[in-house]
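Presented below is the structure to which this report refers.
The values are calculated or read from the model by the stated rules, or taken from the named source; none is laboratory data. Given the structure is predicted, the values throughout are model-derived calculations rather than measurements. Cβ sites come from the backbone with ideal geometry, for glycine too, and all protein chains shown count toward neighbours.
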Amino acid sequence: MNTHEWLYLPSLGLLLTLSAPILGSWMAKALSGERTFLSRFILPVERAVYRFAGIQPEREMHWRTYLISVLVFNGLGFLALLALQMTQRYLPLNPQRLPNVPGWLAFNTAVSFMTNTNWQAYSGESTLSYLTQMAGLGVQNFLSAGTGIAVLLALARGMVRHSAETIGNFWCDITRTALYVLLPLSLVMSLVLVQQGAVQTLAANATAHTIGGATQIIPLGPVASQVAIKQLGTNGGGYFGANSAHPFENPTPLTNFLELFAILLLPAALVFTYGKMTGSKRHGWVLYGSMLFLLSAGVAGALIADKYMQNSMPGLPFEGVETRFGRTTSILWSLFTTAASNGSVNAMHGSMAPLTNLVQMFNMMVGEVIFGGVGSGMYGMILCVILTVFIAGLMVGRTPEYLGKRIGRYTIIWASIGLLLPSAVIMVGTAISCLVPAAAAARLNLGPRGFSELIYAWTSAAENNGSAMAGLNASGTFFTIGLGIAMLVGRFGVIVPALAIAGHLGQSKSVPPSSGTFPTDNTTFAVILISVIVLVGGLTFFPALSLGPIIEHLLLGANRLF
């Protein structure tokens, strides 16, 4: 590692730690309806949206009504994107005259972008028209991120309210999220990307003649606008098949740094939004510190593993890695993107060391709570916090309490469901893939590497990440259907428990803190929380990981490759 690489991670960490609390506090005000410096410009638009859609922002919802609104809203988005893909050949803004997307692939893609997963079993530049990319994928990038933030806001309200039947208005929450947060940030980042050289055009693909006399087709399109929200909204789906390794998506070292920063910006800021909304800023800092520690530990482990692989096999250091940015920066991206449920890549994960792949999978397997997706990472972390508080209460023989609310049987059951459902999908899906001949044959590699490709795919889908090891042909019917179902369970199998807990705690009475209350705003709690996260992920998946990246690492020392 050179000096530039040594400074890269601390610079990102410092910038994130300085900016996230400021943005998070501002979002708490803006998303609660308080006036901000943007209200002068956006408030008239917000009111116009309410009038046009018939929304009454003062009418709040019971948690079941809120959940139904979430499901209906996302269901309509799924149907719209599905229809757009299956009719794109008849629609405008298709200069390449691309055909309609096949049925099951369209289903998989619609589910993927509706659930904020952005798993891509296709190459965007050769499969989707400009209209489908903009009005379909681009719009869903905003709406899926907005849904995650809205659910987090509802959960925060449930924590602070007492004897209340409502947790907010979903339509109001998602409107404010889009207008005050996602659209302004995406506009600024899009302009920066265009200035740096990212493509943004509706012109048809360009034709170039090479020095050798060959003809080359250069794909173009409205790229910069989609890259901005794919990073800020932790969506991750690339306009091109190469994702952010493509120079039209990520043209310079500056854009590489900014896109890396954007991956974690909103997930980190929402930690402080939650802290301010619940009146416990110190608790927000404890959660942020826990996430940052887990991410930093993973980065250290992955870099050590990569150094070991380079020493063992010096001929492979740059295979599959974007040489414009270097191997270390590529590893950082892979860990940021798996920790934040983003899924974008600037290098191929399958080209990295086995233990680096293990860290990538572990980031997802713990429930995407190491920052996680926009909104979804934070409400997933709260489920872990509830489990931690419950365990701590059992250890001292006290009724568990969290932010002034007693954690009883109802709450812990729903929290357990939200934590266990994605894990069950990963294990069952991987097992079935090993048994079904068509699924097993989709692997590019055999042995532990092939098994890693399978479990990575199911983990990425169930945890709504979207990245892949790229050694698996996931375009067949088995994976398009199976991974689509996994994405649905992984998304709504956590949203339902989060809203159920929000409704239940909002109806509960607050209890004053006592000498027996376990504090959640100190280092002791952070240590216990980190231990619970690591143990839950480790105990659940260690046997499976032993069959994949761990044994591959051991065989690498014996110069055996797969």
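Residue by residue through the range 374-402, note down the ones that are among the polar types (S, T, N, Q) and part of a helix (DSSP H, G or I).
Correct list: Ser376, Thr388.
Rundown of residues vs (1) of a type in the set (Gly, Ala, Ser); (2) modelled with pLDDT of 95 or more, yes/no style:
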| position | (1), (2) |
| --- | --- |
| Ala498 | yes, yes |
| Ile501 | no, yes |
| His504 | no, yes |
| Pro512 | no, no |
| Pro519 | no, no |
| Gly537 | yes, no |
| Pro543 | no, no |
| Leu556 | no, no |
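Under 8 Å by Cβ, and 6 or more places apart or on different chains, what pairs join a residue from the range 550-561 that is small (Gly, Ala, Ser) with one that is assigned to a helix (DSSP H, G or I) and surrounded by fewer than 16 Cβ atoms within 10 Å (Cβ to Cβ)?
Hits for this filter: Gly557/Ser312.
Does the range 398-416 hold any residues that are modelled with pLDDT under 95 and either closer than 20 Å to Arg157 by Cα or under 28 Å from the mean Cα position of the chain (by Cα) (or both), and which are they? Give the derivation first.
Within the range 398-416, the first condition is being modelled with pLDDT under 95, and the residues that meet it are 398-409.
Those that are modelled with pLDDT under 95 and either closer than 20 Å to Arg157 by Cα or under 28 Å from the mean Cα position of the chain (by Cα) (or both): Pro400, Glu401, Tyr402, Leu403, Gly404, Lys405, Arg406, Ile407, Gly408.
With the structure loaded, tell me whether Gly13 is in contact (Cβ under 8 Å) with a residue 40 or more places away in the chain and closer than 21 Å to Ala156 by Cβ or whether it fails that test.
So Gly13 fails the test.
Looking only at the range 490-539, how many residues end up being among the β-branched types (Val, Ile, Thr), surrounded by fewer than 18 Cβ atoms within 10 Å (Cβ to Cβ) and within 22 Å of the chain's Cα centre (by Cα)?
The total comes to 1.
List the residue pairs whose Cβ atoms are under 6 Å apart, where the first residue sits in the range 174-203 and is under 29 Å from Leu152 (Cα atoms), the second is part of a helix (DSSP H, G or I) and not hydrophobic (A, V, I, L, M, F, W, C), and the two are 6 or more positions apart or on different chains.
Hits for this filter: Ile174/Gly146; Thr177/Gly146; Ala178/Gly146; Leu179/Glu46; Ser190/Ser225.
Out of the residues in the range 417-449 that are over 18 Å from Ala461 (Cα atoms) and either among the basic types (Lys, Arg) or touching a strand residue (DSSP E or B) at 6+ places or on another chain (Cβ under 8 Å) (or both), which is modelled with the highest pLDDT?
Arg449
Does Phe336 qualify as being within 17 Å of the chain's Cα centre (by Cα) and in a helix (DSSP H, G or I)?
yes
From the list Gly408, Gly418, Gly393, Gly404, which one is buried (at least 24 other Cβ atoms within 10 Å of the Cβ) and not β-branched (Val, Ile, Thr)?
Gly418
Quick test for you: out of Gly493, Gly450, Gly476, Gly429, pick the one residue that is within 21 Å of Thr356 (Cβ to Cβ) and not β-branched (Val, Ile, Thr).
On inspection, the qualifying residue turns out to be Gly450.
Might you check whether a residue that is under 14 Å from Ser244 (Cβ atoms) and small (Gly, Ala, Ser) occurs anywhere in the range 370-381? Before you say what the answer is, go through the steps one by one.
Start the filter on the range 370-381 by keeping residues that are under 14 Å from Ser244 (Cβ atoms), which leaves none.
The answer is no, given that none of the residues of the range 370-381 is under 14 Å from Ser244 (Cβ atoms) and small (Gly, Ala, Ser).
Any idea which of Phe362, Phe371 is touching a Ser or Thr at 6+ places or on another chain (Cβ under 9 Å), surrounded by 22 or more Cβ atoms within 10 Å (Cβ to Cβ) and either among the acidic types (Asp, Glu) or part of a helix (DSSP H, G or I) (or both)? Walk me through how you get there before you give the answer.
On the way: Phe371 fails: either among the acidic types (Asp, Glu) or part of a helix (DSSP H, G or I) (or both).
That would be Phe362, the only listed residue that is touching a Ser or Thr at 6+ places or on another chain (Cβ under 9 Å), surrounded by 22 or more Cβ atoms within 10 Å (Cβ to Cβ) and either among the acidic types (Asp, Glu) or part of a helix (DSSP H, G or I) (or both).
Could you say which residue among Phe542, Phe479 is crowded, with 22+ Cβ neighbours inside 10 Å and either closer than 26 Å to Ser433 by Cα or of a type in the set (Asp, Glu) (or both)?
None of the others qualify; the one that does is Phe479.
I'd like the residue in the range 216-253 that is among the hydroxyl-bearing types (Ser, Thr, Tyr) and not in a loop (DSSP other than H, G, I, E, B) and, out of all such residues, is surrounded by the most Cβ atoms within 10 Å (Cβ to Cβ). Break it down stepwise before answering.
Step one: of the range 216-253, the residues among the hydroxyl-bearing types (Ser, Thr, Tyr) are 225, 234, 239, 244, 252.
Now narrow it down to the ones that are not in a loop (DSSP other than H, G, I, E, B): 225, 244.
Working: Ser225: 23, Ser244: 28.
Checking each candidate, the answer is Ser244.
Is there a residue being in contact with a Gly (Cβ under 8 Å, 6 or more places away or on another chain) and more than 18 Å from Leu383 (Cα to Cα) anywhere in the range 532-554?
yes
Suppose we keep only residues that are of a type in the set (Gly, Ala, Ser) and in a loop (DSSP other than H, G, I, E, B) within the range 86-132. Which one would you say is farthest from Glu249 (Cα to Cα)?
Ala121
I'd like the full set of residues that are polar (S, T, N, Q) and part of a helix (DSSP H, G or I), limited to the range 144-178.
Ser144, Thr147, Thr175, Thr177
Could you tell me which numbered condition Ala145 fails, if it satisfies all but one of (1) more than 21 Å from the chain's Cα centre (by Cα); (2) buried (at least 24 other Cβ atoms within 10 Å of the Cβ)?
If we test Ala145 against (1) more than 21 Å from the chain's Cα centre (by Cα); (2) buried (at least 24 other Cβ atoms within 10 Å of the Cβ), just (1) comes out false.
For Leu270, indicate whether it is within 27 Å of Val321 (Cβ to Cβ), in contact (Cβ under 8 Å) with a residue 24 or more places away in the chain and either out of contact with any helix residue (DSSP H, G or I) (no Cβ under 8 Å at 6 or more places or on another chain) or assigned to a helix (DSSP H, G or I) (or both).
no
May I ask you to list the residues in the range 508-537 that are polar (S, T, N, Q), under 17 Å from Pro400 (Cα atoms) and in a helix (DSSP H, G or I)?
The one that is polar (S, T, N, Q), under 17 Å from Pro400 (Cα atoms) and in a helix (DSSP H, G or I): Thr524.
Residues Val489, Val425, Val494: which one is touching a residue at least 24 places away in the same chain (Cβ under 8 Å), closer than 30 Å to Glu401 by Cβ, β-branched (Val, Ile, Thr) and in a helix (DSSP H, G or I)?
Val494
Has the range 197-214 got at least one residue that is over 25 Å from the mean Cα position of the chain (by Cα), at pLDDT 95 or above, under 25 Å from Leu260 (Cα atoms) and not in a loop (DSSP other than H, G, I, E, B)?
Checked the range 197-214: no residue is over 25 Å from the mean Cα position of the chain (by Cα), at pLDDT 95 or above, under 25 Å from Leu260 (Cα atoms) and not in a loop (DSSP other than H, G, I, E, B).
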